Amino acid sequence: MVNEKIGGFSMTIRKATVLGAGTMGSQIAALLVNAGLKVKLLDIVIDENDPNKISKKAYEVITNPKRPQLFDLSFASNLSYGNFNEDLQDDDADIYIEAVKEEVDIKHQIWDQVKKVANDDAVFATNTSGIPIEAIAEVFDDSDKERFFGMHFFNPPRIMKLVEVIPNKQTHSEVVERVQAFAEDVLGKGVIVANDVPGFVANRVGTQTMNDIMYRAEQQGFSITEVDALTGRSIGRPKMGTYGLSDLVGLDIAMTVIKGLQKIPEEQPFFKDVALSEKLAKNGALGNKTKQGFYKKVNKQRYVYDDKQNDYVEPKQPQLEILGRFSKDLASNLDVIFNAQDDAGVFLWETLRNNFYYSAVNVPKAAEDFKDIDRALIWGFNWKLGPFQLWDLMGYERVKSRMKEELGQLPDWIEQRNEAFYAEGESIERVTPVTAYIDSELWDRSDSNLSIANKDQLLLKLQSKNNVISNSFLSDLLEAIDKLENEDFTSMVIYAGGNNFSVGANLYQMKKAHEDGKVVSEVGEAVEQLHHVFARLKHALKPVVTAVQGRALGGGCELVLHSPIVVAASESYIGLVETGVGLLPAGGGLAELTDRIMRTNHKNDDKQASITKILMQIGFAKVSTNAYEAKRYGYLKETDTVILNTERRIEIALKRARYESEANYVPLPKSQYIALGRDFKALAEGQLDAQRVGHFISDYDYEITLKVAEVLSGGDVPRNTYVNQRYLQKLEKERFLELLQNKKTYDRISHMLEKGKPLRN
C-alpha cells in the first residue's frame, strides 16, 4: 500500500499498538484485528518472572476457542502481546490507542514513553470517556499535540457503532479527517467529531435525559416499571427503558458524568441528585456488572427494587391508561403525547421537551452540527431516532412554540430557525444514499422495488413485511431475472432495508395451511416456486450480487445460498433454523449445501465428514455469529466479500456486480455427482440415536433430523448413484410436506408464534 503523506502524517493505518490490555483495550485490539490490521497489545509489568502476564491473559480471552472475540481464529496471527518496558522499543505502529486506567497521571506516564519511540508520522489516540483531552495533552509538546486526540469507543466496541473523535486545541485538521475516514471505512464505525466538553456528546446528552427522567419520576411518584414502560419503544428508545439501560451501562458511569457536570455552574440546572440512585450506588448495586441495580435476577426471574421495602420484589404490570393508546407507529405515539392531559402523558411530554432543549443547548457547545447529536444518541444509545428527528416527527413548529411558552427563551439558533431540521428523505448516514445511484424506478410493489442504477444495472429491493420471502417477492424476483437476461442490463443487486436482511418464510401461512388441510396443494406449490426461482437465480446468465446484513434466516438464508455472489456485512447472522419449528429447509437449502460439497473433486476431500458437519449444523439450527463463520459453515462461499461498514454494502455490491460483468462472467454450470446414499443414512441414524439416548435431542428432533439426513444422502439409493440438485430438491419437498402435516410440527409452529421460543416436544 502506498504511503501518501498529508501535513507530515502518513495516511495509511495498517499497524496499531494498543496501550492497556483491560476490558476496553483488549476489545479494541480484537476490533482492529477483525478489520485486518496488525496489532500489538501491551500492558504494564506486574510480575518480573512473567512480564507479559496481563497482556497474555487478554490475548487468551480474545482467542478463546469457545468464545473468541475474533471473526476467525486464524486472524490471531495478526495479534501479538507484550509489555511497556520491552515492546515499545523499535515499535513502528501507524496509530497508538491508549486505554489504561482513567487517571491523568497514569496516562501521562504511558504517553511519555510512547512519544520517545513513535515514528514521526504515527498518530496518538486516547480512549477516555471522561477526562478532558486538553488535560491529557499537557504531556506533549506542540508538534506532538498536532497528532494527539481523543477516540472514545462505545462499549462493546465490536457491536456499538459510535466512535467520538475529540481533537485538542492543536490537533491538525488533517489528522482528524484521516482518523475519521479510517474509523468509518476500515472499522465500519459511525464517527462524530466532538468538542472537548465533559461527557463529550453521547454520554452528556444521553445521561442528562436519563437523569432528568429519574429525578422527575421520583418527584412525581412514578415507579421504576412504569417509567421503563413509558420511556422504551413507545418513544423510540431501547425496549429496556431508562432504569434498564442504566443497569446495562452501569450506574457508576452515569453518576461520574453527572457529578462532573454538576461542578459546572451553567450545567447545574440540568443535572440533579436522584435519591434512589445515590442509595443503590452506596450499596454497590451498580447494575448488571454487580448482578443487581434497579433490577435483579432471582432464579432466572427479573425482580425490581422497591424503595419502601428496601428489597427486590416481583414487578407489577404498569396500569397507565396512555400505554393502551400507544402503537408501533412512533409518529402516532408522539401525537398522543403532545395532546395528552394525564400525568403520565405530561411526564412524557416533559421528558421529550427537556431532551430537545438540552440537545439544542449543546449545539455548537458539544457538537458543531445538530445531526451529530442525533448520530450520537442513535449510534451510542441505540435510539431509533435522535432528539432533532423526534422533534421534527412531533411537529417542528408546534413543539417550538410550546417550548417557548413553557421554558421561555430558546437557544439563538433555534429562535432563528423557521423550518424543520431535516428535509424529506434526509438521513444521518454519511455514506452515499442508495437513491444517489438510482436513475429511474421500474416498479414499486408491495413486496419489492426494482430500479435502474448507474444507467445499466438493476437494483431489486426486498420490502415485504419483515422482509419475509413471500410468493409475491419470488414472482418479482423471477421477473427481474428475466429482465436482466433479456434486456440491455449488465448485472443486478438484491438488497433489503432495516437491521435484518430476511428472517425467512411466513409461519402464519404454514400454520393456516395445516389447519385448512391444504399443505400439499398450497405449500407444495409454493415450494416448487421457491425451487424454480432460486435455480434461475443461481444459474442467471449475468452476475447477480446479494447484499446481506443482520439476520438472514430460513428462506432468507436460502436466498443468500442461491445468490451467485454475496457481499455480507461482517455482523451477518446466517443460518437454516427450520428444525426449531419442526420443519426442514424447503427452499433448496439442503440441496444447495449438498451441491456445494459434492461438486468438489478434491481427492483428499472427505465428503462424508463435510455432509455430517452440515447435518449437525442444521439439526441444531446453528446460526453463524459473523460473516466469516458463515463461510466456515458453508452459508457463504470463499469468493464472497465481507465488509465491516454495513451502510456501504449496496455501494460495494454494485461495484462487485460491475466488476464481474466486465471480467467475462461465466454462470455456474449445472452438475451431477455421486450420492452418499443409504450408507450415510445408516451412519447418521447411529449418531442421532446416540444424541437421543444422551438426551441431547428429543424423539421428535431425532425424527426431523433423520429426514434432513435422508435429503443430504440422496435418499434410499445405493452409494455411487449419480444424482443432481433438482433430484435433491424433490426429496426436500417430500420430507418437508410430511413434517408440516405432523401434529407435533403444528404444535412447534404455534408455540413459536405465541411465545417467540422453540418448543422441544
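Quick note: the coordinates plus some simple rules give every number you see, no bench work behind them. Model, not experiment: these values are computed from the prediction. Ideal geometry is used to build each Cβ from the backbone, glycine not excepted, and the neighbour counts take in all protein chains shown.
Annotations
- Highest to lowest packing among 64-75, 98-109, scored as the average C-beta count within 10 Å: 98-109, 64-75
- Those residues of the range 451-465 whose amide nitrogen sits under 17 Å from the label point placed on E429, 7 Å along Cα→Cβ: 451-454, 459-464
- Packing rank of 280-292, 541-553, where each peptide gets the mean count of other beta carbons within 10 Å, highest leading: 541-553, 280-292
- Separation between Cα centres of the range 294-369 and the range 568-619, rounded to whole Å: 45 Å
- E397-Q529 FRET efficiency (beta carbon distance; Förster radius 45 Å; 0.05 resolution): 0.35
- Each Lys and Arg contributes +1 and each Asp and Glu -1, all at the Cβ; summed about the Cα centre of the range 526-619, the dipole is approximately 260 debye.
- Relative contact order %, the range 434-746, counting alpha carbon pairs below 8 Å whose residues are six or more apart: 18 percent
- Read-out mean projected area of the Cα convex hull in nm², derived from the coordinates shown; its label in [x] 62.8; [y] 33.9; [z] 36.9: [z]
- Mean sequence separation of contacting Cα pairs (under 8 Å, at least six apart), scaled by the length of the range 202-415, corresponds to a relative contact order of 22 percent.
- Ordering 245-256, 321-332 by mean Cβ neighbour count within 10 Å, with the highest value first, yields 245-256, 321-332.
- Cα lying deepest toward the dipole's positive end in the chain, options G408, F388, F148, charges on Cβ: F388
- Alpha-carbon centroids, the range 441-518 and the range 86-115: separation in whole Å: 52 Å
- Under 17 Å from K328, Cα to Cα: aspartates and glutamates that are on another chain or at least 8 residues apart: D228
- Dipole magnitude (debye, nearest 20) for the chain, charges at Cβ of Lys, Arg, Asp, Glu: 2400 debye
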